[in-house]
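Scroll down for the structure; my scribbles are underneath it.
The values are calculated or read from the model by the stated rules, or taken from the named source; none is laboratory data. The model shown is predicted, which means the values in this text are computed figures rather than measured ones. Note that each Cβ is placed from the backbone with ideal geometry, even for glycine, and that neighbours are counted across all protein chains shown.
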Amino acid sequence: MAYLWTPALATGVAEVDQQHQELFRQVNALADAMRQGEGKGSIEQTLDFLANYALQHFASEEQHMSQMNCPAAAENKKAHDQFLAKFREMREKLDTSGVSSTLAIEMHDFLGNWLVNHIQKIDCQLQPCAAGAR
Ligand SMILES: [Fe+2]
């Protein structure tokens, strides 16, 4: 299943919203690579790209939140750290056991669900902060 960014997930910060849209594209690209039975190398490449992009995005989003004195800043950073730990754990599992369709579906669902829930619950708290900063 494809995970989609919708205007209901807008944070009010254009840069953050663009990065979220790119994250959705990458999560879906991962599913496509898996569905098309692309090799382990290609799936690993997609995951590496996703991990790097997520790191850059988290840093940029955390900076926006702290600059705007957004009350969700600490909770956001904690959630990002937890995500990265879980991502690393899944990545290690994939490196050890190899790419299986079960693990592939598990990763895709984890990433997609995390993204939607995290943006809704935490990142969208940027909205009032961004409105106040205007
Ligand atoms: Fe976030």
Apart from one, (1) of a type outside the set (D, E, K, R); (2) within 16 Å of the ligand (Cβ to nearest atom); (3) over 15 Å from LEU4 (Cβ atoms) all hold for VAL99; the odd one out is (2)
If a residue must be at pLDDT below 90 and of a type in the set (Asp, Glu), how many such residues does region 89-122 contain? 2
Can you go through PHE83, PHE110 and tell me which one is assigned to a helix (DSSP H, G or I), within 12 Å of the ligand (Cβ to nearest atom) and without any contact (Cβ under 8 Å) to a residue 40 or more places away in the chain? PHE83
Scanning region 38-64 for residues that are within 16 Å of the ligand (Cβ to nearest atom) and acidic (Asp, Glu), the one surrounded by the fewest Cβ atoms within 10 Å (Cβ to Cβ) turns out to be GLU62
Of the numbered conditions (1) more than 10 Å from the ligand (Cβ to nearest atom); (2) over 26 Å from GLU38 (Cα atoms), ASN76 fails exactly one; give the number of that condition. (1)
When region 113-134 is checked residue by residue, the ones that are loosely packed, with under 14 Cβ neighbours inside 10 Å, within 13 Å of the ligand (Cβ to nearest atom) and touching a residue at least 12 places away in the same chain (Cβ under 8 Å) are GLN120
Under 8 Å between Cβ atoms, which residue pairs at least 6 apart in sequence (or on different chains) link something in region 6-30 that is in contact (Cβ under 8 Å) with a residue 24 or more places away in the chain with a partner that is assigned to a helix (DSSP H, G or I) and of a type in the set (Phe, Trp, Tyr)? GLN19/TYR53; GLU22/TYR53; LEU23/TYR53; GLN26/PHE49; GLN26/TYR53
Among the candidates MET34, MET1, single out the residue that is in contact with a helix residue (DSSP H, G or I) (Cβ under 8 Å, 6 or more places away or on another chain) and not in a helix (DSSP H, G or I). MET1
